[in-house]
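Here's the structure, in structure tokens; my notes come after.
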Amino acid sequence: MRRIYFLVPTVASARAIVNELLLARIEERHLHVVAREDTPLEDLPEAGVAQKSDLVPALQRGVAAGGVAGVLAGALAVTFPPAGLVLGGGALLGMTVFGAGFGAWMSSMVGVGLPSGRLEKFESAIERGELLLLIDVPRGRVEEIEALVKSHHPESELEGIEPNIPLFP
């Protein structure tokens, strides 16, 4: 999946684009609109926490850091076991899984509170009243969707394509 970013000047334009994308068989769960808080989106699919916050990148970093810490803690526990305790590979695996889970949990709590680094470059346009439309599409349909939006809505501006989006959410 790829994420296409479009800046749209008005709610009416965004609604028209979303309706055309729905007719082009892009599911509503793959459409996200980011706007100023005082902009009434009505029936437009508003971006959720995963799109507006730093949740997913923080989660990825937390899993990696926690997993490394778990491997190190497990290796120490196996190398220098507590008195009278025999530890093996299961302890190493268990500590790794626990570390990755704990890292994911802690970092996701922090990431939810931080604004998305990917949306920083659009903040000034959003504050001016424009809407940011995020469209998640399969790789093979990127050019088709770009052409569809550009041909019917020349007022919208293509702002880029994110090469890979997370599989969740």
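Which net charge results for the neighbourhood of Glu162, defined as the other residues with beta-carbon distances under 13 angstrom from its beta-carbon, given Lys and Arg at +1 and Asp and Glu at -1?
+3
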Cα extents of the chain along the principal axes, largest first, in whole Å, come to 73, 34, 24
Among 75-81, 17-23, the order from most to least packed when residues are scored by Cβ within 10 Å on average: 17-23, 75-81
Excluding ligands, DNA and RNA, the carbon-plus-sulfur percentage of the accessible area of region 31-100 with a 1.4 Å probe reads 70 percent
Using only helices, what value at 222 nm comes out for the chain when you add -39,500 (n - 2.57) per DSSP H run of length 4 or more and divide by the total residues, to the nearest 500 deg cm²/dmol? -15500 deg cm²/dmol
Report, to one decimal in Å, the Kirkwood hydrodynamic radius for region 58-125 based on all distinct Cα pairs. 13.5 Å
On the principal axes of its Cα set, how long, how wide and how thick is region 86-169? Give whole Å, largest value first. 69, 32, 15
The relative contact order of region 29-159, taking Cα pairs under 8 Å that sit 6 or more residues apart, comes to a percentage of 35 percent
Scanning the chain for helices, which whole DSSP H stretches are 24 Å or more long along the axis (Cα) and average 1.0 or more by Kyte-Doolittle? 55-79, 89-112
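The values are calculated or read from the model by the stated rules, or taken from the named source; none is laboratory data. Owing to the predicted nature of the structure, the values given are computational and were not obtained by experimental measurement. When we count neighbours, we look across all protein chains shown, and the Cβ atoms used for this are built from the backbone with ideal geometry, even at glycine. What goes into the accessible areas is simple: the full protein's heavy atoms, side chains included, and nothing from ligands, DNA or RNA. Shrake-Rupley method; radii C 1.70, N 1.55, O 1.52, S 1.80 Å.
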